[in-house]
1. About its Cα centre, what dipole magnitude does segment 165-252 give when the only charges are +1 on Lys and Arg Cβ and -1 on Asp and Glu Cβ, stated in debye to the nearest 20?
2. Please give the per residue accessible area of the chain, computed with a probe of 1.4 Å over protein heavy atoms only, in Å².
3. In whole angstrom, how far apart do the alpha carbon centroids of segment 175-212 and segment 100-121 sit?
4. So I have (i) 23.5; (ii) 13.6; (iii) 16.0, and one of them is mean projected area of the Cα convex hull in nm² calculated from this model. Which one is it?
5. Spin-label point model (7 Å from Cα, Cβ direction): what's the LEU122 to THR215 distance in nm?
6. In what sequence, highest mean first, do 225-238, 46-59, 134-147, 83-96 appear when ranked by Cβ atoms within 10 angstrom?
7. In debye to the nearest 20, how big a dipole does segment 35-160 give about its Cα centre with +1 on each Lys and Arg Cβ and -1 on each Asp and Glu Cβ?
8. Classify segment 153-235 from the C-alpha gyration tensor, please: rounded if a/c falls under 1.5, else prolate or oblate depending on whether a/b exceeds b/c.
Amino acid sequence: MNQTQSIPWKRISVEAAAIVASILLAFAIDAWWDERNERIEEKEILQSLLVEFEINLDGATSVIRTHEMAVQSMSSLMSLTDGEILALSDADVEGYLRYFANPRTFDAVRGSIDALTNSGKLGVLQSRELREALTAFINILEDAIEDRQYMFEWSMIVWSEVAKNGGPYRRSPEGRTREECMELPLELGCYISNSIAYLPAATPNDLLRLRNDSTLMGYVNQNKENSVRYASEIWRAKRQIETILELLGRAQ
């Protein structure tokens with residue numbers, strides 16, 4: 001004999017609701033955990049970026065100053081009379097020659113920003129302004145590549161022309177004397193200076209001859225124009241670094 005049994009809909013509904021609630025809770029916990037880990041990761045990234053861009057600010061400032069000094073040096077040299085050049089000390093002569101071609105570049109520290117972009121994790125940063133500022137910084141560095149290449153090429157031309165006029169000449173490392181370098185043979189600047197100590201030291205007469213070579217000085221001036229163009233790109237980079245540091249300060 002068949003017996004009809006009623007279906008316990010109420011109990012089934014309660015159990016189904018409990019299962020759905022459990023699944024939703026699990027998703028919520030996973031989402032909370034992922035968000036927590038992202039914020040921890042973001043904090044570490046922000047700290048790394050702060051350290052890097054503080055270094056980059058110092059580096060960009062130093063590079064810009066070097067190019068400004070190079071242009072000022074050539075402007076000063078062109079204003080000297082022949083007699084004033086002949087009265088220069090050996091150190092002054094060396095100082096002028098140092099800036100005939102000085103293709104110093106800004107090599108940004110960018111380990112953290114490259115790691116972010118290469119891994120596709122730039123979105124971990126909550127600040128849209130910061131993400132955009134970092135992207136703009138990379139674009140500025142890429143814009144500077146062409147001017148940097150021109151600066152290198154004209155520096156090579158200047159050095160080649162100096163070689164035709166008796167160079168290259170002996171040069172002391174910046175911040176060290178030759179005597180100090182004898183005591184510090186393994187320091188990079190001293191190692192280079194000691195290794196090429198056989199080169200002739202430039203005299204005031206050498207500098208006068210070079211200054212009065214219109215072809216050489218034309219090359220030097222072209223080099224300085226490219227140097228200024230490159231420095232202007234680094235100036236843009238410096239302004240962007242300052243913006244990024246301000247945004248990082250807000251995000252901390």
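The values are calculated or read from the model by the stated rules, or taken from the named source; none is laboratory data. Since the structure is predicted, the reported quantities are computational estimates derived from the model, not experimental observations. Using ideal geometry, Cβ is built from the backbone for each residue, glycine included, and neighbour counts are taken over all protein chains shown. Quick note on the areas: whole protein, heavy atoms, side chains included, nothing else; ligands and nucleic acids left out. Shrake-Rupley method; radii C 1.70, N 1.55, O 1.52, S 1.80 Å.
1. Working: 12 positive and 11 negative charges, 68 e Å.
Result for segment 165-252 is approximately 320 debye, rounded to the nearest 20.
2. Working: 15270 Å² over 252 residues.
Heavy-atom accessible area per residue stands at 61 Å².
3. Cα centres, segment 175-212 to segment 100-121: 31 Å.
4. From the options (i) 23.5; (ii) 13.6; (iii) 16.0, the structure gives (i).
5. 4.8
6. 225-238, 46-59, 134-147, 83-96
7. Values: 11 positive and 23 negative charges, 76 e Å.
Dipole of segment 35-160, to the nearest 20 debye: 360 debye.
8. Note, shape of segment 153-235 comes out oblate.
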